[in-house]
1. Quick one: Kirkwood hydrodynamic radius for the chain, alpha-carbon pairs, angstrom, one decimal?
2. Looking at Ile93, Ser67, Trp27, which one has the Cα that reaches farthest to the positive end of the dipole of the chain (charges on Cβ: Lys, Arg +1; Asp, Glu -1)?
3. Could you tell me the center-to-center distance, by alpha carbons, between the range 67-101 and the range 2-58 in angstrom?
4. Lysine pairs in the chain with alpha-carbon atoms under 27 Å apart, 8 or more places apart or on different chains: how many are there?
5. Can you give the charge dipole size of the chain about its Cα centre, rounded to the nearest 20 debye, using +1 on the beta carbon of Lys and Arg and -1 on the beta carbon of Asp and Glu?
6. Quick one: helix 6-40 against the long Cα principal axis of the chain, what's the angle to the nearest 10°, folded into 0 to 90?
7. With every atom except the alpha carbons ignored, what do you get for Rg and Dmax of the range 43-101, in angstroms?
8. Given Cβ point charges of +1 (Lys, Arg) and -1 (Asp, Glu) and nothing else, what value in debye, to the nearest 20, does the dipole of the range 13-55 about its Cα centre take?
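A short reminder: the numbers here are calculations on the coordinates, not readings from a lab. Keep in mind that this is a model prediction, so the values were computed, not measured. We place every Cβ from the backbone using ideal geometry, glycine too, and count neighbours over all the protein chains shown.
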Amino acid sequence: MIKLPKIIKAFLVVTLLAVITIFVFFWIEAEKEVRILCSMFKTETPISDVIRMLETGNLLEYEQDESFISVSSNYTLKTSKCEVVFSEEDSVIKAEYTIGF
């Protein structure tokens with residue numbers, strides 16, 4: 001078994017803790033971004049306003065279909081998402097936030 005000097009062990013531990021901290025920070029911020037934006041999509045909001053608000057997101061991505069938009073983030077491994085359903089008049093019927101694996 002190879003013995004590493006104490007300084008290298010300490011460096012590896014500090015690096016690992018920094019990586020974990022950064023990962024957790026981005027996870028929390030991405031989840032918060034999806035959740036907060038989803039809560040802003042009220043009934044009768046025009047689709048153009050929804051897309052304009054989604055464009056302000058830094059850590060999320062969205063996919064648009066004819067009748068809904070699905071919002072999620074790779075930073076949360078897509079575990080939190082928002083589904084925005086539209087009427088034929090292109091206004092919000094409902095916006096539902098879900099979290100889970």
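1. When all Cα pairs of the chain are included, the Kirkwood radius is 15.4 Å.
2. Farthest towards the positive pole: Trp27.
3. If you average the Cα positions of each part, the centres end up 18 Å apart.
4. 9
5. Result for the chain is approximately 1240 debye, rounded to the nearest 20.
6. 10
7. Both quantities, over Cα of the range 43-101: 11.3, 33 Å.
8. Using Cβ point charges on Lys, Arg, Asp and Glu, the range 13-55 gives about 80 debye.
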